[in-house]
């Protein structure tokens, strides 16, 4: 019987160990940079994106090791985005994963540079994974896809739309576009990259693309729900701030009860996309359920 | 007869056109992000790093087109580093290339994100250049080298050392280490990457490594000299600020006249490294002289 909690715990430990090696502690004049990078990178989080990369690799029959470089890279990029989002010139947040944010500990300049180093080093870790026997062509395609997902056409573009739309009311399609860039693109790159590095066929990549789309959207809908229904203590970060900031959220646009229903619909779509994968995709299936159940 | 001014002008135009295509104007809700990226990327600068990438490719007999993706990538990374360096939480500069800095025009949040997008998109542009017929293995090796040069072990690491050493006196070896990371690493990645993409042999890469080392150091020595001897109007950025900020510079450590002599010695070393290359390296040779003569 597949035990998701045990699976998530084991994979998170695998990722943690790989990240410890990917960003080692420094000893020279720049040791403080590595301290700052490691503070945010190793200090917690669900490791959802790297675990998805590993699970997608397994779902197509690949060896875990093939996707471990990508797993580190997506977590490093996710961490950099949180460090920069928390800066005073952005969201100005003091708390993340229940601890002071990076700039509160290291100052704004070092926090900015720690984020810069994490996103840059991510491509080094991914590119180097080709030295470990993964086909060069697949790794380069994954570099292209990851930089596309994280950059102007993906995560950063979504972040800009988010900032610029704070004071205006978005339609539902605009809100979906925002999140497909801001969070969806990195979910997609994690899942498709993991599958590609594991040797996925075109048909498998297409099915996983549908899974990734549903999962990424579900994650954001549930995040919006939790900002209303959960406490700061439960989440390890400040909640209730979306409504206070007049942010565009799914509950604000479609209602809280309808948002719960939409999340369940997305869970169904994610499961449907995996219909042809059999037992190897049980982790991906249960992760979709896990993501949606966080909001219940 | 080789005409360096004409060469630099023609190559800068080639780079400018490629950058225009690499970061196209946006039309959607994120158009302001692309405006901000293009404002700093297309607004000037000597294009020294991308021209070096192209010249190194030519010096080993490669076709210019093989290094054009890398040329764009190194300029995008250089531009992002300037945008972030100019932020209020870093150097807090108002003027760059004779124009208001990015955050003065677009605000701190968008400027931070424009820098984030430029460094991320740089790897997309480089990775995609493999689609244009350049060998996949060479491109992936260049991705690894560029991310290493730009990240924690290179440019960002050097920036952190620079910030942390502002209030203390460095030795000459420490100052050289700082600059080998802060500016040298990106010069080296531009030159070695351009040569690799052009099909360089190991012996050619070794010689160009020595050239890159001398050139990068010469560039910084001359930059320190110009901060003392040139006017703000001549440079298009604020000068005289190193001394005011108590920064560690070559003139402060070794004296102004000795710094001029050191720059000339580095020019000789750069020329020596190119002894075996013949006429194909005339651009690299004259660029070394050009860099040093800026300070005379």
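Among the residues of region A:55-65, is there at least one that is facing another protein chain (nearest Cβ under 10 Å) and in contact (Cβ under 8 Å) with a residue 60 or more places away in the chain? Among the residues of region A:55-65, not one is facing another protein chain (nearest Cβ under 10 Å) and in contact (Cβ under 8 Å) with a residue 60 or more places away in the chain, which makes the answer no. The residue that is nearest to the other protein chains (Cβ to nearest Cβ), counting only those in region A:156-203 that are assigned to a loop (DSSP other than H, G, I, E, B) and buried (at least 17 other Cβ atoms within 10 Å of the Cβ), is A:170. Between A:70, A:52, A:87, the distinction of being touching a residue at least 12 places away in the same chain (Cβ under 8 Å), more than 25 Å from residue B:148 (Cβ to Cβ) and under 16 Å from the mean Cα position of the chain (by Cα) belongs to A:52 only.
For the criterion of being over 26 Å from residue A:93 (Cα atoms), within 10 Å of chain A (Cβ to nearest Cβ) and surrounded by fewer than 22 Cβ atoms within 10 Å (Cβ to Cβ), residue B:148 passes.
Only one of the numbered conditions (1) facing chain A (nearest Cβ under 7 Å); (2) surrounded by 24 or more Cβ atoms within 10 Å (Cβ to Cβ); (3) under 29 Å from residue B:214 (Cα atoms) is not met by residue B:112, and that is (3).
Checking A:9, A:46 one by one, the residue that is under 15 Å from the mean Cα position of the chain (by Cα) and more than 14 Å from chain B (Cβ to nearest Cβ) is A:46 and no other.
Checked against (1) farther than 20 Å from residue B:285 by Cβ; (2) modelled with pLDDT under 95; (3) touching a helix residue (DSSP H, G or I) at 6+ places or on another chain (Cβ under 7 Å), residue B:86 meets all criteria but (2).
Residues that are within 28 Å of residue A:144 (Cα to Cα) and without any contact (Cβ under 8 Å) to a residue 60 or more places away in the chain do not occur anywhere in region B:90-101. Per the conditions (1) surrounded by fewer than 23 Cβ atoms within 10 Å (Cβ to Cβ); (2) within 8 Å of chain A (Cβ to nearest Cβ); (3) under 30 Å from residue A:107 (Cα atoms), the sole criterion not satisfied by residue B:136 is (3). Taken over region A:14-38, residues that are within 9 Å of another protein chain (Cβ to nearest Cβ) and in contact (Cβ under 8 Å) with a residue 12 or more places away in the chain amount to 5. Only residues that are farther than 15 Å from residue B:159 by Cβ, surrounded by fewer than 24 Cβ atoms within 10 Å (Cβ to Cβ) and facing chain A (nearest Cβ under 9 Å) were counted across region B:71-109, and they come to 4. Considering only region A:102-122, state which residues are touching a residue at least 40 places away in the same chain (Cβ under 8 Å) and out of contact with any strand residue (DSSP E or B) (no Cβ under 9 Å at 6 or more places or on another chain). Those that are touching a residue at least 40 places away in the same chain (Cβ under 8 Å) and out of contact with any strand residue (DSSP E or B) (no Cβ under 9 Å at 6 or more places or on another chain): A:106, A:110, A:111, A:113, A:114, A:117, A:118, A:119, A:121, A:122. Filtered by the rule that a residue be part of a helix (DSSP H, G or I) and surrounded by fewer than 21 Cβ atoms within 10 Å (Cβ to Cβ), region B:263-282 gives B:264, B:265, B:268, B:269, B:271, B:272, B:278, B:279, B:280, B:282. Checking each residue in region A:115-132 for being surrounded by 24 or more Cβ atoms within 10 Å (Cβ to Cβ), at the interface with chain B (Cβ under 7 Å from one of its Cβ atoms) and more than 30 Å from residue B:88 (Cβ to Cβ) picks out A:127, A:130.
The values are calculated or read from the model by the stated rules, or taken from the named source; none is laboratory data. Quick caveat: nothing in here was measured; it's all calculated off a predicted structure. Positions of Cβ are backbone-derived with ideal geometry, glycine not excepted, and every protein chain shown enters the neighbour counts.
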